[in-house]
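Heads up, the thing below is written out as structure tokens.
The values are calculated or read from the model by the stated rules, or taken from the named source; none is laboratory data. Not measured: the values here are computed from a predicted model. Counting neighbours? That spans all protein chains shown, and the Cβs are built from the backbone with ideal geometry, glycine included.
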Amino acid sequence: MDVGLFFQCLVNGLAIGGIYAVVASGFTLVLGTMKIFNFAQGEFYMLGAFVAYAVCEVLHLNFVIALIAALLAMALLGVVLQRFIIRYTYGGFFHTVLATIAFGMIIRQTTVITFGKTDRFVYPLVKGRIEIGDIMMANDKLLLIFLGIALIVLLHYFLKLKLGKAMRAVTEDQETAGLQGINARQIFLITMALGCGLAGISGAVIAPVLAATADMGHAIFIKILLVIIIGGMGSMPGALVAAFLIGLIESFGYQFFGGYNELILLCCLLPLLYFRPGGLLGRPLAIPQ
Amino acid sequence: MVKKRLLPIIGVILVLLPFLVRNDYLLHLIIYMCMYSILGMGFSMIWKNRLITCGQAGFWAVGAYTSALLVTRAGLSFWFALPIAGIASALFALLIFFIALRAGPLVFFGMSLVSSFIVMEVLGSVEFFGGWEGLLDIPSPSIGSFVFFTKTSCYYLVLCLLLVNIIVYYALYKSRIGRAWTAIGSSVQLAEAQGIDVYRYRLAATVIACFFAGVVGAFYAHYQNLLIPTTFSFILSIYVQMYALIGGLSYFIAGPIIGAAVMVFLPEFLRITEEFQPIFFSILIILIVIFLPGGILSIVQRVPRLSVILSQIGKRIGVLQ
């Protein structure tokens, strides 16, 4: 494999891995704090991409405004989901999960009805590529890597702030956090907003590279589940490592195996699960059954 | 669950159904309802063990494609392909879940979802399986010179499958295996402390459920006479979960049947177009989750009180003794 192709695969893998990492971080936050699977995470990601399309191509505004719009809109929608639906599901874990799935379906179907099934393209922010000798790296993918890492770093420092510490406290032990004066309900709303907002902004970020399609929600949700399974449920560092790993395996796998790369992914995954059932870095989370 | 006295009446209605319902389109819907009930009951069996599976569509697909390929490419008779399709699906389930089940219920769920997605991708991408255009010209089943071509004949076929399914599940639920499942469903830790091998019973439940999913998949392939990979999508697995939820999660046999009936016929009666169906189902699910978590059949629990009230009224009026 020549150097140029190797670097191309590397850049692609890191770029897509970064996006998986951001979306998976949002998912893991919600999973860890509220102990629920937000099945609509993929749909928030998709809607973020469509919001970016709407802002950029329909309203003809700046791409940065599109990013902020996606973040805020998805955060708001996440709060709606939490406040009006999840709060009232008393039937148990499965009921909450199915409610999020239903909400995600509503989002997806409404998007399809509004925008139609054609792919929507967003004008790319940067074009061209960097060439160092034989190595060619596409600029937009490099921007993806940059934005992905930027978001992860921002999230990391956010979790060190007072609000972030409150979120981590609720994740650890909800009751004791309450004794410390942390309002768990408020934290849930903020966590949900953050998780969905992250998904939305990822969708907006990736919209110039991959088009805004109706099925991107499903596609990324499968990958997020893989990330969570490999990385360990509820483990943030595990999710990050697993996300980049999956991105790289996907990218290099596509070079060698074409359409079969998903199957290869599954085959890599199964032995890993056999030897480390808790995931790479995670302690398996005790989800209430 | 169903009153024993009612069974013969229900049996007669089921047998005479094609003649009571003279509409071919309605029969088509009823056949779909039966197929979906079988899938839903598979989900319920796995749910009884406190596991959530999101992969019924994938195993349905495995059975369908196995049977279709065996009959079209290898020239096997449908009646042999049917059980082989079930076994293929069961083996596939065994392969994936014997590892995934060790890692816990969340990983089980994730793997069921992932495997179903990958099944659809592989079936679409690989030419041997017909690619995204699917397999065409799958012959209908036949016994001798009689071909199961009409909706009525296919209805009887699927009815037999459904009844066999119900009888087998009922027998299993009443047996030692069923009691072990109930124990696991109540409390996994207590079951383990009692010495029940939770892993083995859960694996058994999964494999049995996927076997029947494969069998009904084979029927589906030969009923529709064509297979398209996009039918077996992730959404279908979600719908299977919805059948169980709408009917009532604690009713393992009747629940999915009621749920499938609701989800097949309600959109028809309300004339809801294809586009809006997922929105309709989603809103229905959210309403049921918030207001009626036990499902439709949980209303039945309130009926005894109703009959007591009615008999009280009857005594007051002097009609009853």
Scan segment B:123-144 and give yes if some residue there is out of contact with any Lys or Arg (no Cβ under 9 Å at 6 or more places or on another chain), within 27 Å of B:LEU7 (Cβ to Cβ) and in a helix (DSSP H, G or I), otherwise no.
no
Determine whether segment A:24-32 contains at least one residue that is closer than 21 Å to A:ALA243 by Cα and over 13 Å from the mean Cα position of the chain (by Cα).
yes
Say we look at segment A:104-140 and pick out the residues that are of a type in the set (D, E, K, R) and over 17 Å from A:ALA211 (Cα atoms); which of these is modelled with the lowest pLDDT?
A:ASP134
Matching residues in segment A:86-102 (out of contact with any His (no Cβ under 8 Å at 6 or more places or on another chain) and within 7 Å of chain B (Cβ to nearest Cβ)) number 9
Pairs please, first residue from segment B:286-303 and more than 9 Å from every other protein chain (Cβ to nearest Cβ) and at positive phi, second anywhere and crowded, with 16+ Cβ neighbours inside 10 Å and in a helix (DSSP H, G or I), Cβ atoms under 7 Å, 6+ apart in sequence or on different chains.
B:GLY295/B:LEU245; B:GLY295/B:ILE246; B:GLY295/B:GLY247; B:GLY295/B:GLY255; B:GLY295/B:ILE288
Within the bounds of segment B:82-105, is there any residue that is of a type outside the set (Phe, Trp, Tyr), without any contact (Cβ under 8 Å) to a residue 40 or more places away in the chain and in a loop (DSSP other than H, G, I, E, B)?
yes
Quick count over segment B:124-160, residues being closer than 18 Å to B:ALA74 by Cβ and either touching a residue at least 60 places away in the same chain (Cβ under 8 Å) or more than 14 Å from every other protein chain (Cβ to nearest Cβ) (or both), is 10
Looking at segment A:61-77, can you tell me whether even one residue there is within 13 Å of chain B (Cβ to nearest Cβ), surrounded by fewer than 15 Cβ atoms within 10 Å (Cβ to Cβ) and outside any helix (DSSP H, G or I)?
no
State whether one or more residues within segment B:187-210 are touching a residue at least 60 places away in the same chain (Cβ under 8 Å), touching a Gly at 6+ places or on another chain (Cβ under 6 Å) and either part of a helix (DSSP H, G or I) or within 14 Å of another protein chain (Cβ to nearest Cβ) (or both).
yes
Give me a count of the residues in segment B:77-97 that are of a type outside the set (Phe, Trp, Tyr), more than 9 Å from chain A (Cβ to nearest Cβ) and surrounded by fewer than 22 Cβ atoms within 10 Å (Cβ to Cβ).
6
Some residue of segment B:170-181 being touching a residue at least 40 places away in the same chain (Cβ under 8 Å) and under 15 Å from the mean Cα position of the chain (by Cα):
yes
Selection within segment B:255-272 - surrounded by fewer than 20 Cβ atoms within 10 Å (Cβ to Cβ), in a helix (DSSP H, G or I) and either within 14 Å of chain A (Cβ to nearest Cβ) or small (Gly, Ala, Ser) (or both):
B:PRO267
Would you mind stating whether A:GLY181 is of a type outside the set (Phe, Trp, Tyr) and either out of contact with any helix residue (DSSP H, G or I) (no Cβ under 7 Å at 6 or more places or on another chain) or modelled with pLDDT of 85 or more (or both)?
yes
On the basis of being in contact (Cβ under 8 Å) with a residue 12 or more places away in the chain, of a type outside the set (Asp, Glu), crowded, with 24+ Cβ neighbours inside 10 Å and closer than 21 Å to B:PHE252 by Cα, does B:GLY55 make the cut?
yes
Run A:ILE224 past the list (1) surrounded by 22 or more Cβ atoms within 10 Å (Cβ to Cβ); (2) modelled with pLDDT under 85; (3) of a type outside the set (S, T, N, Q) and report the number of the one that doesn't hold.
(2)
Candidates A:ARG83, A:ARG108 - the one that is in contact with a Leu (Cβ under 9 Å, 6 or more places away or on another chain), over 26 Å from B:PHE234 (Cα atoms) and more than 7 Å from chain B (Cβ to nearest Cβ)
A:ARG83
Please pick out the residue among B:ALA74, B:ALA100 that is aliphatic (A, V, I, L, M), farther than 29 Å from B:ILE258 by Cβ and within 14 Å of chain A (Cβ to nearest Cβ).
B:ALA100
With the checklist (1) more than 26 Å from B:VAL158 (Cβ to Cβ); (2) facing chain A (nearest Cβ under 9 Å) in hand, flag the one item B:LYS315 doesn't pass.
(2)
Can you find a residue that is of a type outside the set (Ser, Thr, Tyr) and closer than 30 Å to B:LEU136 by Cα anywhere in segment B:187-199?
no
Yes or no: A:ALA49 assigned to a helix (DSSP H, G or I), modelled with pLDDT of 85 or more and in contact with a strand residue (DSSP E or B) (Cβ under 7 Å, 6 or more places away or on another chain)?
yes
What number goes with the only condition from (1) in contact (Cβ under 8 Å) with a residue 60 or more places away in the chain; (2) farther than 17 Å from A:LEU98 by Cβ; (3) within 14 Å of another protein chain (Cβ to nearest Cβ) that B:GLU275 does not pass?
(1)
